[in-house]
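The values are calculated or read from the model by the stated rules, or taken from the named source; none is laboratory data. Quick caveat: nothing in here was measured; it's all calculated off a predicted structure. Because the Cβ atoms are built from the backbone with ideal geometry, glycine has one as well, and the counts that use them run over all protein chains shown. Only protein heavy atoms, including side chains, enter the accessible area calculation; ligands, DNA and RNA are left aside. Shrake-Rupley method; radii C 1.70, N 1.55, O 1.52, S 1.80 Å.
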Amino acid sequence: MKKTKQLFASLFLMSLGLGTAQAEYTLNLRQGVTQISQEVYDLHMLILWICVLIGIAVFGTMFYSIYHHRKSKGHVASQFHESTKVEIIWTIIPTLILIGMAIPATKTMLDLDDVQDADMSIKVTGWQWKWEYEYLDNGIHFFSTLDEASNRARQLGSGIDPRSVPHYLLNVDHPLVVPVNTKIRFLFTAADVLHSWWVPDLGWKKDTVPGFINEAWTYVEKPGTYRGQCAELCGKDHGFMPIVVIAMEQDDYNAWVESQKAGAEVEKQQADKEWTTDELMAKGESVYTNNCASCHMADGAGMEGTFPALTGSSVVTGDIDAQIELMYNGKGMMPAFGQMLSETEFAAVVTYTRNALGNSVGDSVQPAAIKSLKSSAPTDEEEDEDDEE
């Protein structure tokens, strides 16, 4: 009796919990905000109801026969070996059902792959663990990573309540911005391992594969913010690769493009500026938190057996040129930050690691030196030509 009371008490508490979570709980496929996502949803519902009707017909007939033709009523099982008529029926009916499913499914698949006549193109590259966006029509280029508030809250021992962080683990520092009522073609690839770019409101997801280009398209009619995540297990921080797409009116989008171009110009000017060590340290802390702390830990202690500690590291406290080369080109599980960070961010984080996290080397590097290093490095096209030779 005591256990029964405990069971009912547990169910009561669970029902209270479900009530608070009801707003986030759904069983069906999301309809999305694009025409193609609506097509996918309609196809899903069509197939679902066909399956439901088949299930009702099959199991209804089966249970009716079991109940009304049972042995206790005097029924005797029929004994026969084959029936050409029945075999023809159970071949034709499933075939017609499959054809009925295949026609709308094929139309939707063709619509999903129709990337022709796009108004603009965006290249998406998956990295461990961030997204790189290149607007091929206007030259805008940036990396998108987990926002700083979520990143700080997720660190071990941060003491930050994740519920106090807006859109925890679903927000980024640089969202992908697109105009509404514009057909946008996406080209997907990856720089290291498999990833998958998925925004449920767009109605599809697409794998990003190193060495291959996949395509998809979207046409968003309604301005808004649409969130997604990496949908392919891609490593330790797979769960911290959110995607944010902001769709805005054309005029707002044009203003955003101009602001991005102005920001890029400012970034170039900052690379030529002489930075003080305090300025580099302040910027370097933010860059370290967003790009390095997930592996080397917030205090630089690393993870034994997996990611080396930076505190007291011979690399970080040794020759600065050797550290820059390692960070620039990457090594093993360490990505090539020379492609991810701006000259200023790169110089700042190098300076920070050498003079924080328990280290006190006392030197620094200027963004201008990193800019010079980048300008002397071979481009991707030159590397491809060397490989062909």
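When Gly362 is tested against (1) on the phi < 0 side of the Ramachandran plot; (2) surrounded by fewer than 15 Cβ atoms within 10 Å (Cβ to Cβ); (3) more than 29 Å from the chain's Cα centre (by Cα), only condition (1) is not met. Residues in segment 172-203 that are open to solvent by 20 Å² or more (accessible area, probe 1.4 Å) and more than 21 Å from Gln31 (Cβ to Cβ): Asp173, His174, Pro175, Arg185, Leu187, Ala191, Asp192, Val193, Leu194. State yes or no: is Val193 modelled with pLDDT under 95 and aliphatic (A, V, I, L, M)? Answer is yes for this residue. Inspection of segment 265-274 identifies no residue that is surrounded by 15 or more Cβ atoms within 10 Å (Cβ to Cβ) and out of contact with any helix residue (DSSP H, G or I) (no Cβ under 6 Å at 6 or more places or on another chain).
Of His81, His75, which residue is open to solvent by 100 Å² or more (accessible area, probe 1.4 Å) and modelled with pLDDT under 90?
Result: His81 is the single residue among His81, His75 that is open to solvent by 100 Å² or more (accessible area, probe 1.4 Å) and modelled with pLDDT under 90.
Selection of segment 276-299 for residues being over 27 Å from the mean Cα position of the chain (by Cα) and open to solvent by less than 20 Å² (accessible area, probe 1.4 Å) yields only Leu280. Here is a check on your reading of the model: is Val257 open to solvent by less than 40 Å² (accessible area, probe 1.4 Å) and either in a loop (DSSP other than H, G, I, E, B) or not charged (D, E, K, R) (or both)? In short, yes. The set of residues in segment 153-178 being in a strand (DSSP E or B) and in contact with an Asp or Glu (Cβ under 7 Å, 6 or more places away or on another chain) consists of Val172 alone.
Looking across Lys273, Lys268, Lys236, Lys206, one residue alone is among the charged types (D, E, K, R) and closer than 24 Å to Arg152 by Cβ. It is Lys236. Here Glu215 passes the criteria (1) in contact with a Lys or Arg (Cβ under 7 Å, 6 or more places away or on another chain); (2) buried (at least 16 other Cβ atoms within 10 Å of the Cβ) except the one numbered (2).
Residue-wise test of (1) in a loop (DSSP other than H, G, I, E, B); (2) of a type in the set (Ser, Thr, Tyr).
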| residue | (1), (2) |
| --- | --- |
| Ile122 | no, no |
| Thr125 | no, yes |
| Asn151 | no, no |
| Phe186 | no, no |
| Val193 | yes, no |
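Among residues of segment 338-356 that are surrounded by fewer than 23 Cβ atoms within 10 Å (Cβ to Cβ), those with a beta-carbon under 6 Å from a residue that is not in a helix (DSSP H, G or I) at least six positions away or on a different chain give the pairs Met340/Phe143. Taking the stated definitions as given, is Glu148 surrounded by fewer than 17 Cβ atoms within 10 Å (Cβ to Cβ) and in contact with a Phe, Trp or Tyr (Cβ under 8 Å, 6 or more places away or on another chain)? No; evaluated as a whole, the condition is false for this residue. Residues in segment 265-274 that are touching a residue at least 60 places away in the same chain (Cβ under 8 Å), farther than 13 Å from Phe346 by Cα and not basic (Lys, Arg): how many? Total satisfying the criteria: 2.
Residues in segment 123-142 that are surrounded by fewer than 20 Cβ atoms within 10 Å (Cβ to Cβ) and hydrophobic (A, V, I, L, M, F, W, C) were compared, and the one that is nearest to Thr289 (Cα to Cα) is Phe142.
Quick grid of which residues meet (1) aliphatic (A, V, I, L, M); (2) modelled with pLDDT of 90 or more:
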| site | (1), (2) |
| --- | --- |
| Tyr219 | no, yes |
| Ala247 | yes, yes |
| Asp251 | no, yes |
| Lys283 | no, yes |
| Cys295 | no, no |
| Asp299 | no, no |
| Glu304 | no, no |
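Among the conditions (1) closer than 18 Å to Ile246 by Cα; (2) open to solvent by 40 Å² or more (accessible area, probe 1.4 Å); (3) among the β-branched types (Val, Ile, Thr), the only one that Ile160 does not satisfy is (1).
Applying a threshold of 7 Å to beta carbon distances and a minimum spacing of six or more residues, or different chains, the list of pairs starting in segment 198-224 at a residue that is over 20 Å from His238 (Cβ atoms) and ending at one that is aromatic (Phe, Trp, Tyr) and at pLDDT below 95 reads Ala216/Trp204. If you go through segment 63-72 and keep only what is of a type in the set (A, V, I, L, M, F, W, C) and either at pLDDT below 95 or open to solvent by less than 70 Å² (accessible area, probe 1.4 Å) (or both), you end up with just Ile66.
A residue that is at pLDDT 95 or above, closer than 20 Å to Ser37 by Cα and among the hydroxyl-bearing types (Ser, Thr, Tyr) can be found somewhere in segment 114-123.
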